[in-house]
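Working notes, structure below.
The values are calculated or read from the model by the stated rules, or taken from the named source; none is laboratory data. What you are looking at is a predicted structure, and each value in this text was computed from that prediction instead of being measured. Quick reminder, even Gly has a Cβ in these numbers, built from the backbone with ideal geometry, and neighbours come from all protein chains shown. Each accessible area value is taken on the protein alone, full model and side chains, heavy atoms only, with ligands, DNA and RNA left out. Shrake-Rupley method; radii C 1.70, N 1.55, O 1.52, S 1.80 Å.
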Amino acid sequence: MAKRQFLQAQWKNLVMINYEVDPQILDAYLPPGTELDLWQGKALVSMVGFVFANTRVLGIKWPGHVNFEEVNLRFYVRYYNGSEWKRGAVFVSEIVPKNMIALIANNLYKEHYSAMPMRSSIVLTGDGHTEFLYEWKFKGKWNKLGATANNQLVDIAPGSAEEFILEHYWGYNKLSDFSTMEYQVEHISWQTGSVKDHVFEADVAGLYGEAFEPYLKKEPVSVFFSAGSDIKVRMGDKITI
């Protein structure tokens, strides 16, 4: 039976820059009972920028918290519940421009949100592509993540790298050495646009820790863009191992 709906929104204009990392640097974040979900034997993390739009929490549009940006760093896990494998994401860091969003998410879902000044832009290039840029201000400097994507969108191919990155429908957070928070995310299968250029300039050590710096400073293994869709986030459950 589905859990009560906690959040409803649109996730729009997702830019996802994907890097291979040493699996050991993810050990400290791995929720009990889960294991890394590898892509062709590789542990991947994604830097993700997108827009929350038409956001409702418990069915209510809260003034000043309806449309906003988010930039996050996430990796991929799977959890076996005794009958099936569930594929999910774990968030190392999530940045939004609103303190209240960070407070609610950190307390209810044990997420890792921080509030910082943010801005975003969309520029039509005139050649069938669009530039999407997300920026956030940390220690007085603007960091940036973005991509130039084809306006022609296509369905995700089964078994593709895009499917692996984009189609994780569960979130997992470490509560303690013996317990994990699990919550469901619902959305249709997204369409993607091929990316011809990207940018990621950030204080990696300051934002995410020195362990991530050697990996996030390299060239990514892939960059994806998705237009996104309506989404729903269900109330969470505690898993005790």
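Side notes on the structure shown:
- Positive-end residue, the stretch 191-241 charge dipole about Cα centroid, Cβ charges, pick of 223, 198, 235: 235
- The 3J(HN,Hα) values that the Karplus relation (6.51, -1.76, 1.60; θ = phi - 60°) gives for the stretch 145-155 are, in residue order, 9, x, 7, 10, 10, 5, 6, 7, 9, 10, 5 Hz. Gly and Pro appear as x.
- Under a 5 Å amide H cut-off, with hydrogens placed 1.01 Å from N, residue 231 pairs with 9, 10, 11 among residues at least 5 apart or on other chains.
- Cross-link pairs exceeding 22 Å between alpha carbons, from the set 12/144; 139/232; 144/196; 3/110; 139/196: 139/232; 139/196.
- Under Karplus coefficients 6.51, -1.76 and 1.60, residue-wise ³J(HN,Hα) of the stretch 13-27 in Hz, glycine/proline x: 6, 7, 10, 10, 10, 10, 10, 7, 10, 5, x, 5, 6, 8, 4
- Per residue, in Å², the accessible surface of the chain once ligands and nucleic acids are set aside, probe 1.4 Å: 49
- With all protein chains in place and a 1.4 Å probe, the accessible surface of the chain carries 50 percent carbon and sulfur.
- For the stretch 6-53, projected area of the alpha-carbon convex hull averaged over all directions, nm²: 5.0
- Residue 39-residue 177 FRET efficiency (beta carbon distance; Förster radius 25 Å; 0.05 resolution): 0.35
- Each Lys and Arg contributes +1 and each Asp and Glu -1, all at the Cβ; summed about the Cα centre of the stretch 85-241, the dipole is approximately 500 debye.
- The stretch 106-152 - charge dipole about Cα centre, Lys and Arg +1 at Cβ, Asp and Glu -1, debye rounded to 20: 340
- The Rg/Rh ratio for the chain is 0.93, where Rg is the radius of gyration of the alpha carbons and Rh is the Kirkwood radius.
- Rotationally averaged projected area of the stretch 115-241 (alpha carbon convex hull; nm²): 10.3
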